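Undergrad: Please see the structure below; I have some questions.
The values are calculated or read from the model by the stated rules, or taken from the named source; none is laboratory data. All values reported here derive from a predicted model rather than from experimental measurement. Positions of Cβ are backbone-derived with ideal geometry, glycine not excepted, and every protein chain shown enters the neighbour counts. Surface areas here come from the heavy atoms of the whole protein model, side chains and all, with no ligands, DNA or RNA. Shrake-Rupley method; radii C 1.70, N 1.55, O 1.52, S 1.80 Å.
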Amino acid sequence: MTKNNTIEEYIKANEGYRTKPYYCSSDKLTIGYGRNLDDNGISLDEAELMFTNDLNRVVDELRVILPDFDNLRYSQQKCLMDMCFNLGSTRLRKFKKMIAAIEAGDFNEAAVELLDSKYARQLPRRAGDNAILMR
């Protein structure tokens, strides 16, 4: 044991850091530096911080998928951010016809392609709202 390390450093060293959930020796779902999700969950502040980080990642991913993303109307950005947040960028990339329509500036066709998908069949209200935003 090192005498000069802080309490935080000492506990972090003992707990270890994990980016993905795992089950600890007490069979509790745990993440990070030993955060017991089963008993403690997360606070609203923590959820907000994770949401902000996730939303920033979504914007970065959309700028790769659609280099002109920043030039789209706010409503179109909103639609794409919601879809990417929900589906992830890997699945969003599978909307090849929708992406091609966006790149061509045909937002009505992009909305049609959005609605012609498993996503729209599984989440009809959300997809319908996003189609309106896309148009």
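Undergrad: Tally up the carbon and sulfur contribution to the accessible surface of the chain as a whole percent, 1.4 Å probe, everything protein left in place. Don't jump to the answer; show the numbers that get you there.
TA: Working: 4800 of 9380 Å².
That share works out to 51 percent.
Undergrad: How large is the accessible surface per residue of the chain, computed with a 1.4 Å probe and reported in Å² as a whole number?
TA: Here the residues of the chain average 69 Å² of exposed surface.
Undergrad: Among M83, G105, N130, pick out the residue whose Cα is farthest towards the positive end of the charge dipole of region 80-131, where Lys and Arg carry +1 and Asp and Glu carry -1 on C-beta, about the Cα centre.
TA: M83
Undergrad: Follow-up. Around Y33, which amide H atoms from residues at least 5 apart in sequence, or from another chain, sit under 5 Å from its own amide H, with H modelled in the peptide plane?
TA: R18
Undergrad: What nm value, rounded to one decimal, do you get for the distance between N36 and R126 when each label is placed 7 Å out toward the C-beta?
TA: Result: 3.2 nm between the two label points.
Undergrad: Can I ask one more? Counting only helical runs of four or more DSSP H residues, what would the 222 nm mean residue ellipticity of the chain come to if each run contributes -39,500 (n - 2.57) and the total is spread over all its residues?
TA: Mean residue ellipticity at 222 nm (helix-derived): -18500 deg cm²/dmol.
Undergrad: Related question: Could you tell me the number of lysine pairs in the chain with C-alpha atoms less than 25 Å from each other, where the two lysines are 8 or more residues apart or belong to different chains?
TA: So the count of such lysine pairs works out to 11.
Undergrad: How would Y119, Y22 line up by accessible area, probe 1.4 Å, largest first? The partial results should precede the final answer.
TA: On the way: Y119 10, Y22 35 Å².
Greatest to least solvent exposure: Y22, Y119.
Undergrad: Using a 7 Å offset from Cα along Cα-Cβ at N56, what residues in region 9-47 end up with backbone N under 18 Å from the label point?
TA: Under 18 Å, as judged by backbone N against the label point of N56, lie 45-47 of region 9-47.
Undergrad: Hey, got the dipole for the chain? About the Cα centre, +1 on K and R Cβ, -1 on D and E Cβ, debye to the nearest 20? Spell out each step's value before the answer.
TA: Working: 20 positive and 21 negative charges, 96 e Å.
Computed about the Cα centre, the dipole is about 460 debye.
Undergrad: Now for a separate question. Multiplying the sequence separation of D116 and Y23 by 0.36 nm and subtracting their Cα-Cα distance, what value in nm do you get?
TA: 29.5 nm is the gain from fully extending D116 to Y23.
Undergrad: Just checking my list (1) 17.6; (2) 16.6; (3) 15.8 against Kirkwood radius over Cα pairs in Å computed from this structure; which label fits?
TA: The value computed from this structure is option (1).
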